[in-house]
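The values are calculated or read from the model by the stated rules, or taken from the named source; none is laboratory data. This structure is a prediction, so every number in the text was calculated from the model and none was measured. When we count neighbours, we look across all protein chains shown, and the Cβ atoms used for this are built from the backbone with ideal geometry, even at glycine.
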Ligand SMILES: Cc1ncc(COP(=O)(O)O)c(C=O)c1O
């Protein structure tokens with residue numbers, strides 16, 4: 001193993017006059033003394049100063065620093081998780097940690113913590129962030145962002161052996177979905193799914209998702225619903241559900257979609273509500289003719305799509321309005337949160 005401090009912070013800098021070896025020394029604050037620094041530091045005072053975790057230390061988010069040779073920065077060579085925390089209690093943490101472990105295995109990064117270690121880290125950060133806000137964790141909703149990159153090394157596509165992964169976590173306020181979106185649903189547009197074929201890995205290489213999301217952002221829509229070879233995959237950062245004659249349909253859990261933590265939850269909620277639930281390939285024609293369309297994600301929970309590509313979703317008097325299955329699943333979701 002390369003010792004983390006060396007891997008991260010002893011980066012040789014070439015100055016115009018000479019080669020200077022700069023030892024950074026700390027994870028937070030200026031990475032090296034002003035007198036040695038040839039790079040001006042940007043003004044980061046607009047960033048939150050909430051507590052974050054970086055490689056074993058907790059410090060202010062705006063002061064956290066990593067090397068420019070971190071493979072997460074250079075290649076997007078890392079994975080992440082977003083865990084909602086309601087009233088201080090992480091929701092479905094076990095499932096999030098299991099998915100994190102699957103993502104790490106897929107890209108061959110050793111998991112830096114066991115489940116108990118992750119739980120302790122998250123708990124510590126959630127409490128620290130609540131205290132930072134002068135609140136009790138039980139009184140606020142937050143979400144935890146975890147990211148693990150392969151670590152720092154000279155740039156080379158091949159995976160270097162024995163790197164210490166860079167481990168980062170931050171906590172942010174979890175803003176509720178706006179009331180207007182709950183009442184009226186949201187507008188989405190569709191596009192071809194041009195992302196790579198390993199969408200099941202929750203990878204930080206997100207350019208495909210960024211470009212996809214921008215298609216809807218450009219027209220003021222909430223999400224981009226994607227189709228691969230004429231079949232529904234998912235949205236840029238949500239899963240998509242199709243309601244046909246009282247049945248809830250979702251795309252199969254394969255390498256073309258991220259298995260959202262709400263995949264398992266939707267199956268459970270449907271079972272509790274007595275709603276038929278099926279995962280299978282869903283054609284564009286079925287999506288366009290659906291009775292209801294739903295999005296799900298950690299931050300959106302479950303949300304009705306009421307307009308797709310400018311056309312109202314659904315039929316008759318319910319066209320363009322959130323439907324009864326949405327209402328049922330939304331209620332069931334709130335109960336699941338309270339019971340967690
Ligand atoms: C591509 C993609 N699909 C689905 C989801 C939903 O996953 P989850 O329910 O775990 O938030 C996300 C969440 O970020 C996502 O990025």
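Hey, among the residues in region 80-92 that are within 15 Å of the chain's Cα centre (by Cα) and away from the ligand (no atom under 12 Å from the Cβ), which one's nearest to residue 116 (Cα to Cα)?
The extreme case among them is 90.
Could you check region 247-297 and list, in sequence order, the residues that are assigned to a helix (DSSP H, G or I), over 22 Å from residue 200 (Cβ atoms) and out of contact with any helix residue (DSSP H, G or I) (no Cβ under 8 Å at 6 or more places or on another chain)?
271, 285, 286, 288
Anything in region 249-258 that is within 13 Å of the ligand (Cβ to nearest atom) and surrounded by 20 or more Cβ atoms within 10 Å (Cβ to Cβ)? List them, or say none.
Scanning region 249-258 gives 250, 251, 256, 257, 258.
Residue 277 fails exactly one of the following numbered conditions: (1) buried (at least 20 other Cβ atoms within 10 Å of the Cβ); (2) more than 9 Å from the ligand (Cβ to nearest atom). What is the number of that condition?
Single failed check for residue 277: (1).
Could you grab me the full set of residues in region 74-95 that are in contact (Cβ under 8 Å) with a residue 24 or more places away in the chain and not in a strand (DSSP E or B)?
74, 75, 76, 77, 87, 88, 91, 92, 93, 95 - these are the residues of region 74-95 that are in contact (Cβ under 8 Å) with a residue 24 or more places away in the chain and not in a strand (DSSP E or B).
Hey, can you tell me all the residues within region 133-161 that are in a loop (DSSP other than H, G, I, E, B) and loosely packed, with under 12 Cβ neighbours inside 10 Å?
134, 154, 155, 156, 157, 158, 161, listed by residue number.
Here are the criteria: (1) within 16 Å of the ligand (Cβ to nearest atom); (2) buried (at least 16 other Cβ atoms within 10 Å of the Cβ); (3) within 30 Å of residue 89 (Cβ to Cβ). Tell me which single one residue 282 does not satisfy.
Looking at each condition in turn, residue 282 falls short on (3).
With (1) within 16 Å of the ligand (Cβ to nearest atom); (2) part of a helix (DSSP H, G or I) as the list, and residue 128 as the residue in question, which single condition is left unmet?
(1)
Quick check on residue 166: is it more than 16 Å from the ligand (Cβ to nearest atom), touching a residue at least 60 places away in the same chain (Cβ under 8 Å), in contact with a helix residue (DSSP H, G or I) (Cβ under 9 Å, 6 or more places away or on another chain) and not assigned by TED's automatic domain parsing to the domain that holds residue 311?
It is true that residue 166 is more than 16 Å from the ligand (Cβ to nearest atom), touching a residue at least 60 places away in the same chain (Cβ under 8 Å), in contact with a helix residue (DSSP H, G or I) (Cβ under 9 Å, 6 or more places away or on another chain) and not assigned by TED's automatic domain parsing to the domain that holds residue 311.
Can you give me the number of residues within region 294-313 that are more than 15 Å from residue 262 (Cα to Cα) and surrounded by 23 or more Cβ atoms within 10 Å (Cβ to Cβ)?
Count: 3.
Every residue in region 197-236 that is more than 10 Å from the ligand (Cβ to nearest atom), free of Cβ contacts under 8 Å to residues at least 40 places away in the same chain and touching a helix residue (DSSP H, G or I) at 6+ places or on another chain (Cβ under 6 Å), please.
Matches in region 197-236: 224 only.
Among (1) assigned to a loop (DSSP other than H, G, I, E, B); (2) closer than 30 Å to residue 320 by Cβ; (3) over 18 Å from the mean Cα position of the chain (by Cα), where does residue 215 come up short?
Exception for residue 215: condition (1).
Of the residues that make up region 57-78, is at least one touching a strand residue (DSSP E or B) at 6+ places or on another chain (Cβ under 8 Å) and within 16 Å of the ligand (Cβ to nearest atom)?
yes
For residue 157, state whether it is in the same structural domain as residue 53 (by TED's automatic domain parsing) and farther than 21 Å from residue 106 by Cβ.
no
Is it true that some residue in region 305-318 is touching a strand residue (DSSP E or B) at 6+ places or on another chain (Cβ under 8 Å) and either within 16 Å of the ligand (Cβ to nearest atom) or outside the structural domain of residue 225 (by TED's automatic domain parsing) (or both)?
yes
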